[in-house]
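> Here it is: the structure, laid out below.
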Amino acid sequence: MKHESASLPASRQLVHEFFAAVTAGDLPDSLLADDMKAWTTTQGAMGKGAYQHLIRLLARISLEPLTFTIDSITSEEDRVAAEVHSQGTLISGEQYANTYVFVFRVRDGRIASVAEHFNALIVQEKMVPLVRRLQGAR
């Protein structure tokens, strides 16, 4: 992930912290509003707990943490939009890479909502079978 100076506007710094947490595999409550809402291309709308579970699941299907690189970031008022790409290795041994547009809403220094737009075909082909395998192994 590209690192910017400590003089970033707070909302942009929060987004950098979000991607560091996602890479680490756990999205702490301290970054998220209590009533945080999320939406992803493949899962649709969900609440905070379901989204945090999704981030932990992402870490479980990755052989090494997926790295997220911010290619561009724009902030205005309470919104931050980030063009991002990821890469890593899945537990299947396959390489994984995707491109995204994340749109965040920030309220009181925490993320109130996030929408992830990405190539769903890559997720369906590479990640969904691994998630099903993990869920069947319970």
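> Round to a whole angstrom and tell me the spacing of the C-alpha centers of segment 33-61 and segment 106-138.
7
> What are the ³J(HN,Hα) couplings of segment 80-87, residue after residue, when phi is run through the Karplus curve with 6.51, -1.76, 1.60 and θ = phi - 60°? Round to Hz, x for glycine and proline.
3J(HN,Hα) across segment 80-87, in whole Hz: 10, 10, 10, 8, 9, 10, 10, 7.
> Same structure, new question: Please rank ILE70, ILE91, ILE111, fewest neighbouring Cβ atoms within 10 Å first, as an exposure proxy.
Ranked by crowding around the Cβ, least crowded first: ILE91, ILE70, ILE111.
> Restricting to bridges with both residues inside the chain, how much of the DSSP beta-bridge set is antiparallel, in percent to the nearest 5?
Percentage antiparallel, nearest 5: 85.
> Could you pull out every whole DSSP H run in the chain that spans at least 15 Å of Cα extent along its own axis and averages -1.0 or higher on the Kyte-Doolittle scale?
Going by DSSP H runs, the hits are 10-24, 48-60.
> Given charges of +1 on the Cβ of Lys and Arg and -1 on the Cβ of Asp and Glu, with all other atoms neutral, how large is the dipole of the chain about its Cα centre, in debye to the nearest 20?
Taking the Cα centre of the chain as origin, the dipole is about 520 debye.
> So for the chain, averaging the separation of alpha carbon pairs under 8 Å that are six or more residues apart and normalising by length, what relative contact order in percent results?
24
> Here's something else I'd like to know. Report, to one decimal in Å, the Kirkwood hydrodynamic radius for segment 10-133 based on all distinct Cα pairs.
The Cα-based Kirkwood calculation yields 14.6 Å.
Rule-based calculations on the coordinates, nothing more; no lab input. Just so it is clear, the model here is predicted, and its values are computed rather than measured. Reconstructed Cβ throughout: ideal geometry from the backbone, glycine too, with neighbour counts over all protein chains shown.
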